[in-house]
Amino acid sequence: MGRGKIEIKRIENSTNRQVTYSKRRGGIMKKAKEITVLCDAQVSLVIFSSTGKMSEYCSPSTELVKILDRYHKNAGVQKLWDAKHEHLSNELERIKKENDSMQIKLRHLKGEDINSLQPKELIPIEEALENGLACVRSRQMQYLKRLKKNERSLEEDNRRLSYILQHQQQLAMDVNVREMEHGYHQREREYHPQMPFAFRVQPIQPNLHQNK
């Protein structure tokens, strides 16, 4: 008894759909490898899953790009990348022209290649140079102002530090003086009790006493 015919339609269950995809993909890859070996055919296979994951196979004797080129030649269709290549080529040409134009303007601003220019063509160059010079001078003034501001700030910091240093030095001198005075009085108190006898004041002219 033969197998029943399976209806080909989308599998609604996502898990079953993924399992079936993995099995069928493996089968197709196997068939592609087999026909390459058995029949010496050039095969290229690209598969994208519903999640966007790509699987590919290409015969070892060739490359995907070469197979696509052969397909385009035999099918008589435009290459897939021709339109994009043409757009990129046009964009590159536009950028090249802009660059050439900018190089010419830059040489003119440097005073080069201006002998062939007409007076009306020199006017915008002169205006551009004047505007540039004004911007440079403005920038220089800003720099000088910032430099002077920093200089004043440094002077204020220097004065403040000098004041603090002088104050600290004065405090240190006051402490030294107090310590010296304290040490002097301490030695004076220690010296008096150690005196072994008292001095007795003698008259300056003892003979005058005796005569009286």
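Quick notes on this one:
- Per atom type, region 10-80 shows carbon and sulfur on 55% of its accessible surface, probed at 1.4 Å.
- Region 117-176, accessible surface, carbon-and-sulfur percent (1.4 angstrom probe): 57 percent
- Here the 3J(HN,Hα) profile of region 31-44, calculated from phi with Karplus coefficients 6.51, -1.76 and 1.60 at θ = phi - 60°, is 5, 5, 5, 5, 5, 5, 6, 5, 10, 6, 8, 9, 10, 10 Hz, Gly and Pro shown as x.
- Rolling a 1.4 Å probe over the protein heavy atoms gives region 10-80 an accessible area of 79 Å² per residue.
The values are calculated or read from the model by the stated rules, or taken from the named source; none is laboratory data. Small disclaimer: the values here were computed from a predicted structure and weren't measured. For the accessible areas, the whole protein counts, side chains as well, though only heavy atoms, and no ligand, DNA or RNA atoms are used. Shrake-Rupley method; radii C 1.70, N 1.55, O 1.52, S 1.80 Å.
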